[in-house]
């Protein structure tokens, strides 16, 4: 048997230990796999489902900009270091992006459905499994600004089999996605226990742009904080087309646990 000799202590007396080469190879491969990093996965769904139209995508920056096409049900997978990455759907004439849904262990995503763009924010490149799913629909079947409608046969969210691996049940409240629309900002919030959730949109530090308050059981929720009509008019008067807002959730558990504050900065366009 081929092996390599190491010297180790045994009851105070050094002696040679033979380690099989196959074991060394297995250990090396395990270490290499651990350093390979987690994935950023982009999935494509078309409406009508099964349509063979290829949808073009752009993803970067990883070296040179990476461009590819996907048909219905296809996916593209990348690794990458910590940092910010952007994926954009570039549908052909007659098609529009109807919905983008993402899952990941943190608030790693900013979604801009009208422009077909999402931003990945990578915190832990070896741990953060991130999956984003685009639904692209024929323009004749989509109302302006509409999201994916139920009952179309399209799977707008990542497959259910992926979610337990990517999103284990949290021990503390977490944000998993932030979406910015013309009149509101929404976030997916996961609660480990029954809680009162107070949401605020803040501008320039502490100016309140919108609020909401909910009492929720343990579970996963999409919570929407509206941008008040008064503030939208103010932005227009000031000529502000791009406004950075802070989305802030105060989560107060009904029984046990600590109050948690979740924040995320969102770029609001107001268009």
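The values are calculated or read from the model by the stated rules, or taken from the named source; none is laboratory data. Note that the structure is predicted; figures quoted are calculated from it, not measured. With ideal geometry, Cβ positions are generated from the backbone for all residues, glycine too; neighbour counts draw on all protein chains shown.
Of all positions in segment 240-252, at least one carries a residue that is at pLDDT below 90, over 21 Å from the mean Cα position of the chain (by Cα) and over 16 Å from residue 111 (Cα atoms). Keeping to segment 220-235, report how many residues are farther than 27 Å from residue 102 by Cα and modelled with pLDDT under 90. Looking only at that region, the number is 0. Looking only at residues in segment 248-262 that are in contact (Cβ under 8 Å) with a residue 40 or more places away in the chain and part of a strand (DSSP E or B), the one that is nearest to residue 232 (Cα to Cα) is 248. Being modelled with pLDDT of 85 or more and either over 30 Å from residue 135 (Cβ atoms) or out of contact with any strand residue (DSSP E or B) (no Cβ under 8 Å at 6 or more places or on another chain) (or both) is the requirement here; does residue 181 meet it? No.
Table: residues versus (1) surrounded by fewer than 17 Cβ atoms within 10 Å (Cβ to Cβ); (2) in a helix (DSSP H, G or I); (3) modelled with pLDDT of 70 or more.
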site: 18; (1), (2), (3): yes, no, no
site: 25; (1), (2), (3): yes, yes, no
site: 42; (1), (2), (3): no, no, yes
site: 50; (1), (2), (3): yes, no, yes
site: 57; (1), (2), (3): no, no, yes
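Scanning segment 174-213 for residues that are under 15 Å from the mean Cα position of the chain (by Cα) and either more than 10 Å from residue 225 (Cβ to Cβ) or in the same structural domain as residue 109 (by TED's automatic domain parsing) (or both) returns 174, 175, 176, 177, 178, 179, 180, 188, 189, 190.
Restricted to segment 74-135, the set of strands (runs of 3 or more DSSP E) holding at least 1 residues that are assigned by TED's automatic domain parsing to the domain that holds residue 43, at pLDDT 85 or above and at positive phi is empty.
Kindly evaluate residue 264 against the criterion of being within 19 Å of the chain's Cα centre (by Cα), under 19 Å from residue 109 (Cα atoms), modelled with pLDDT of 90 or more and crowded, with 16+ Cβ neighbours inside 10 Å. The answer is no for residue 264.
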